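**Q** Let me begin by handing over the structure; questions about it come next.
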Amino acid sequence: MKTEPTKGFLLVASTRPRFFDLAINAINSIRDNYPDAKVCLVTEEAFCDGRESIADHLIYCGDHVREKLWALDKTPFDITMYIDADVEIIHEDIEFAFDQLKGNDITFVDLPVDKDSLFAIRKWPGGEMKLCGGIVLYDIRKPIVQSFMKMWNEYYRNQFAGNWWPAYKDGKQDFDLHPEVLRQFDQFTLWFLTEEHPYYKDLKVGAFEDGERWNWYMTYEAKGFTKPEKGVIIQHYSGLLEIKDDRY
């Protein structure tokens with residue numbers, strides 16, 4: 001008898017205790033809208049104070065600024081939806097998140113082209129960020145996905161440490177096409193792996209339907225953009241404090 005794949009949500013909280021608080025709030029909001037949801041929390045052991053018991057699975061991690069990339073292939077679920085910690089789930093349609101995979105290996109929310117000005121960097125001479133790394137749906141049973149998640153972590157850590165960068169044919173790092181200001185962004189690593197790395201040319205990458213429902217940055221709302229007609233599912237608070245607008 002064919003067994004159904006296990007499905008669950010993955011949240012990661014590292015570096016600062018505040019992210020642990022945010023992750024606990026996010027998990028509570030998942031459960032408020034989807035009581036039967038399974039959740040794995042990845043966090044530093046030092047942050048734990050008993051509230052972590054809300055998660056079905058608990059994994060201890062280190063304190064790297066992008067520990068989320070380390071965690072992606074550690075998921076206990078067959079099909080996983082990774083969600084950034086600084087979110088709130090506000091719609092019961094979160095129950096249907098896993099349907100968005102639609103036969104793909106991995107699915108992201110596309111970055112909306114009409115909101116370019118709200119992102120720190122969207123385009124540069126050598127490329128363009130098209131995918132948001134804050135919401136990631138994937139099937140870890142597939143070897144190519146396992147490899148991709150490991151490489152996303154390894155490439156980013158080397159990128160962040162100054163040990164890897166896209167290079168000219170002579171091996172010199174190419175800062176003409178790819179300015180060094182991109183070094184801090186794991187979405188730059190994501191761009192490289194999905195757009196430039198030959199091994200992942202066969203990776204089936206999908207997009208969430210009506211993506212802004214699944215990743216509504218509150219900066220959109222603060223800047224006056226209209227919410228999706230069917231209602232926001234995931235509110236994302238990243239960058240809200242950095243808004244510079246005379247209205248707020």
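**Q** Is there a residue being modelled with pLDDT under 95, within 30 Å of LEU22 (Cα to Cα) and of a type in the set (Phe, Trp, Tyr) anywhere in region 191-212?
**A** no
**Q** Is it the case, given these coordinates, that GLU45 is acidic (Asp, Glu), more than 19 Å from VAL145 (Cβ to Cβ) and either surrounded by 15 or more Cβ atoms within 10 Å (Cβ to Cβ) or touching an Asp or Glu at 6+ places or on another chain (Cβ under 8 Å) (or both)?
**A** no
**Q** Name the residue that is surrounded by the fewest Cβ atoms within 10 Å (Cβ to Cβ), counting only residues in region 212-241 that are in a loop (DSSP other than H, G, I, E, B) and of a type in the set (Ser, Thr, Tyr).
**A** Step by step, filter region 212-241, then rank; the result is THR226.
**Q** Which one is surrounded by the fewest Cβ atoms within 10 Å (Cβ to Cβ), of the residues in region 4-32 that are of a type in the set (Val, Ile, Thr) and under 15 Å from GLU88 (Cα atoms)?
**A** The extreme case among them is ILE24.
**Q** Another question about this same structure. Could you give every pair whose Cβ atoms fall below 6 Å, whose first residue belongs to region 109-129 and is among the β-branched types (Val, Ile, Thr), and whose second residue is crowded, with 16+ Cβ neighbours inside 10 Å, counting only separations of at least 6 or pairs across chains?
**A** Partner pairs satisfying both residue conditions: VAL109/CYS132; VAL109/ILE135; VAL109/PHE208; VAL109/GLY211; VAL109/TRP214; VAL109/ASN215.
**Q** What's the number of the only condition in (1) out of contact with any Pro (no Cβ under 8 Å at 6 or more places or on another chain); (2) at pLDDT 95 or above that GLU4 fails to meet?
**A** Unmet condition: (2).
**Q** Continuing with the same structure: Determine the pairs where a residue that is within 17 Å of LEU72 (Cβ to Cβ), located within region 154-173, has a partner that is part of a loop (DSSP other than H, G, I, E, B) with Cβ atoms under 8 Å apart, the partner being 6 or more residues away or on another chain.
**A** TYR155/TRP164; TYR156/ARG66; ARG157/HIS64; ARG157/ARG66; ASN158/TRP164; GLN159/TRP165; PHE160/VAL65; PHE160/ARG66
**Q** Give just the number: which of (1) modelled with pLDDT of 95 or more; (2) farther than 12 Å from LEU11 by Cα does HIS64 not satisfy?
**A** With respect to (1) modelled with pLDDT of 95 or more; (2) farther than 12 Å from LEU11 by Cα, HIS64 is out only on (1).
**Q** Go through region 107-130 and report how many residues are at pLDDT 95 or above, among the hydrophobic types (A, V, I, L, M, F, W, C) and touching a helix residue (DSSP H, G or I) at 6+ places or on another chain (Cβ under 6 Å).
**A** Final tally of qualifying residues: 1.
**Q** Moving on to the next point. Which residue, of ASP99, ASP93, ASP86, ASP110, is under 15 Å from the mean Cα position of the chain (by Cα) and surrounded by fewer than 20 Cβ atoms within 10 Å (Cβ to Cβ)?
**A** ASP110
**Q** Quickly run through region 61-74 and pick out the residues that are more than 14 Å from the chain's Cα centre (by Cα) and within 24 Å of ARG141 (Cβ to Cβ).
**A** CYS61, LYS74
**Q** For region 130-152, which residues satisfy the criterion of being without any contact (Cβ under 8 Å) to a residue 60 or more places away in the chain, of a type outside the set (A, V, I, L, M) and closer than 17 Å to PHE185 by Cβ?
**A** GLY133
**Q** Name the residue, out of GLN159, GLN187, that is in contact with a Leu (Cβ under 8 Å, 6 or more places away or on another chain), surrounded by 19 or more Cβ atoms within 10 Å (Cβ to Cβ) and within 22 Å of TRP124 (Cα to Cα).
**A** GLN187
**Q** Within region 1-24, track down each residue that is among the β-branched types (Val, Ile, Thr) and assigned to a loop (DSSP other than H, G, I, E, B).
**A** Selection gives THR3, THR6, THR15.
The values are calculated or read from the model by the stated rules, or taken from the named source; none is laboratory data. Computed from a predicted structure; not experimentally measured. Note: ideal-geometry Cβ built from the backbone for every residue, glycine included; neighbour counts use all protein chains shown.
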